[in-house]
Amino acid sequence: MRIRIAVPLGLVLLAGVTAGGLAGAAAAVRHGLAMHGDLRYSADFTHFDYVNPDAPRGGEIRRAEIGTFDSFNPFIIKGNPATGVGLLYDTLMVHAADEPFSLYGLLAESVETPADRSWVAFTLRPEARWHDGRPVSPEDVIWTFRTLLEQGSPAYRFYYGSVAGVEKTGPRTVKFTFAPGENRELPLILGELTVLPKHYWAGREFDKTTLEPPLGSGPYRIGRFEPGRVVTYERVADYWGKDLPVNVGRNHFDVVRFDYYRDETVAIEAFKGGEFDLRVENNSKQWATAYDIPQVADGSIRKQLFPHERTAGMQGFVFNLRRERFRDPRVRWALAHAFDFEWSNRVLFYGQYTRARSYFDNSELAATGLPSPEERTLLEPYRGRIPDEVFTTAYRPPATDGSGDIRGNLRKAVELLKEAGWEIRDGVMTNAETGETLAFEILLVQPAFERIALPFVKNLKRIGVEARVRTVDTSQYRRRMDSFDFDMTVGSWGQSRSPGNEQRDFWSSAAADREGSRNWIGIRSPAVDALVERLIAAPDRESLVARTRALDRVLQWGHYVIPHWYIGSDRIVYWNKFGRPEITPDQGVQLDTWWLAPQEPAPVEPGADETAPRNAGREAPSLGVVLLGVGILAVVGTWLVMRRRR
């Protein structure tokens, strides 16, 4: 899955010439691609606007991770890959963080695609090299693509499912052809492909975990590491791509280090003691209370909110529809009435969050109000197979007054459960026909979520529903999620402002039983399948918005999750030893554009350091969901991991 931001329309030509040597429709040679609209940067651009091209290089940045790692192979579902391993690799093209969904060449010096986007071809840069000095070749690209499909994470099979073939068409050119049908995003998806060295993997088992440092072509290579404790990445001094426009002003640190902690409380204390340099805080309580320390007061540590314009996506308590007790939507809607967000936000979150209600919150893609005429046209063929409320009622999750008194909501829950065939017997919610009690487990991986889940459990208890919370370690959690071995869990789906092929992995019937997919819910709906395909085939921005909203409405009224919340800023605390560019792009903080710049601590007035400069001094709307590591990670090619908010 990838996370992106908004989308201007069309494509910009590098030159008004057509590609030679390629069969099929005429195509133009380009330096970049936009999903819809024009590119921001011309063919002769020297660097992105949100970097400092003159920033000094050197030093070390120390980060922290919670959990463990036991592999340097992030492309398969086995093992726990080390954070940051994507720094080893280059992709064919890279995102601009100040555009919705536009890519510019990295390994590829040019890209070609016809107007109907029925194929795409990438011509590699002649100077592109692996760390052992061998050139990156079309054979590497072809081998990577086929290997990911055959042995990689199941997500690749959904993501690249519309690719009909791949072939070498020139000394440095690879062409991908697509299956019939509209899929305008596919050329960009392939542009995100992380390329791996065919010669390195010859004789090695790709589908196995490994702690042998792999060969890459990117700006860093693996240095010292201890499994489960620490991993360091050392900047490649002779990195072939360091002077490319897409890389200028990035990758300043000589060493990037990740220390692993099993407990967040310990990690926070380690940060305050100077054991590492920077923390992306995703816990509202810690943000509000943990940093009331002298170092923040005197400016030694900076505590800042960085507003961004990312789409929020969805986070919530996720129902597993593979469990019989959750297949009736009335049961799911009833249980949603026992979650008191307003009380949680007031008491637990210090009022920092906004209630989630859409799978595309804080963007024009979110379905609000009643369907537009265009949406009704899309939805009408499925009338009777999707909830009637999709056509008649604007979705809103159950709400309270925040006082903690939710008796009205619980009465409504009991009514809904009665309609679904459940009744309270001796204080226990029981199925009137089978005698089954309504009981389930909430699977967690982060202890901090217990403070959210336990009040929910207490409210459920009041209506005779037996829920229990179980927190497991990272490895067990990943195995259980990959195999859908849970009743309810906390899950999140990051979304871009240009959703596309990743929606198959989220919601499609084909993904429901494919191990490792992100259709954790187990949705099997022909209507959802069809709406996903219509979304992918959207020919322009206007139709993409309408098709996304139509899908959103069906997901909302499916009651597949109990929505949580979102925040429109990145919360970062860091020791005052860094420089950063004046501009923070729409996509949020880009830590790879920061550099080491020791400064004398300066007194900070209370509250004065709570915001950061925006583009050209303007303050942007608060949007989005907080992402793991802030910004796009290149791990698993297009795979972006959504950081959990709590």
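With the contact rule set at Cα under 8 Å and sequence spacing of 6 or more, what percent relative contact order holds for the chain?
Working: 1440 pairs, mean separation 141.2, N = 646.
It comes to 22 percent, rounded to a whole number.
Taking 2.2 N^0.38 Å as the expected size of a compact globular protein, what ratio does the Cα radius of gyration of the chain give against it, to two decimals?
Details: Rg = 24.7 Å, N = 646, 2.2 N^0.38 = 25.7 Å.
Output field value: 0.96.
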Inset, instruction - Please turn the phi angles of the range 215-231 into ³J(HN,Hα) values with the Karplus equation 6.51 cos²θ - 1.76 cosθ + 1.60 (θ = phi - 60°), one per residue in order, whole Hz, x for glycine and proline. - result: 7, x, 10, x, x, 10, 10, 6, x, 6, 7, 10, x, x, 10, 7, 9
Legend entry - Angle between the chain longest axis and helix 138-151 axis [Cα atoms, degrees, rounded to 10]: 20 degrees
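Could you tell me whether the range 200-268 comes out rounded, prolate or oblate from its Cα gyration tensor? Rule is a ≥ b ≥ c as square roots of the eigenvalues, rounded for a/c under 1.5, then prolate if a/b exceeds b/c, otherwise oblate. Walk me through the numbers on the way to the answer.
Working: a/c = 2.67, a/b = 1.16, b/c = 2.31.
Since a/c reaches 1.5 but b/c is at least a/b, the shape of the range 200-268 is classed as oblate.
For a protection proxy built on the mean count of beta-carbon atoms within 10 angstrom, sort 346-353, 63-70 highest first, please.
Details: 346-353: 15.6, 63-70: 19.0.
Going from most to least packed, we get 63-70, 346-353.
What ranking, highest mean first, results for peptides 591-597, 452-458 when packing means the other Cβ atoms within 10 Å averaged over each residue?
Highest mean packing first, the order is 591-597, 452-458.
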Legend entry - Straight-distance crosslink candidates among lysines, where the alpha carbon sits under 29 Å from residue 198 and sequence neighbours closer than 8 are dropped: 78, 168, 175, 208, 242
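Add +1 for every Lys or Arg and -1 for every Asp or Glu among the other residues with Cβ under 11 Å from the Cβ of residue 52, and state the total. List each step's numbers first, then the result.
Details: positive: 250, 580; negative: 49, 54, 582.
Value of the local net charge: -1.
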Inset, instruction - Take the Cα of residue 323, step 7 Å along the line toward its Cβ, and report every residue of the range 465-500 whose backbone nitrogen sits under 12 Å from that point. - result: 466-470, 485-490
Inset, instruction - Extending each Cα 7 Å along its Cβ direction at residue 262 and residue 450, get the distance between those two points in nm, one decimal. - result: 1.4 nm
Legend entry - Inter-label distance for residue 370 and residue 347, nm, one decimal - labels placed 7 Å from Cα along Cα-to-Cβ: 3.9 nm
Legend entry - Paramagnetic label zone (point 7 Å from Cα along Cα-to-C-beta, residue 391; backbone N under 19 Å) in the range 344-381: 368-381
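Is the shape of the range 190-239 best called rounded, prolate or oblate, per the rule: a/c under 1.5 gives rounded, else a/b larger than b/c gives prolate, else oblate, with a ≥ b ≥ c the square roots of the Cα gyration tensor eigenvalues?
Details: a/c = 1.82, a/b = 1.14, b/c = 1.61.
Cα axes put the range 190-239 in the oblate bin.
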Legend entry - Under 18 Å from the Cα of residue 272 - lysines, other chains or at least 8 residues apart: 285, 303, 577
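Place the peptides 255-262, 306-313 in order of packing, highest mean first, counting for every residue the other Cβ atoms within 10 Å and averaging per peptide. Please list the in-between numbers first.
Working: 255-262: 18.9, 306-313: 24.9.
Averaged packing, sorted descending, gives the order 306-313, 255-262.
Using a cut-off of 10 Å between beta-carbons, work out the net charge of the residues near residue 184 (Lys and Arg +1, Asp and Glu -1, residue 184 not included). Working shown, then result.
Values: positive: 117; negative: 116, 182, 185, 540.
After counting each charged neighbour, the total is -3.
Per residue of the chain, what 222 nm ellipticity follows from adding -39500 (n - 2.57) for every DSSP H run with n ≥ 4, rounded to the nearest 500?
Values: 18 runs with 146 residues, N = 646.
Calculated at 222 nm, the ellipticity per residue is -6000 deg cm²/dmol.
Using a cut-off of 14 Å between beta-carbons, work out the net charge of the residues near residue 511 (Lys and Arg +1, Asp and Glu -1, residue 511 not included). The partial results should precede the final answer.
Values: positive: 157, 322, 504, 514, 518, 524; negative: 482, 502, 505, 513, 515, 529, 533.
Neighbour charge sum, excluding residue 511 itself: -1.
Values in this text are rule-based calculations from the coordinates and carry no lab data. Computed from a prediction, not measured in an experiment: that's the story for all the values here. All Cβ positions, glycine included, derive from the backbone under ideal geometry; neighbour counts span all protein chains shown.
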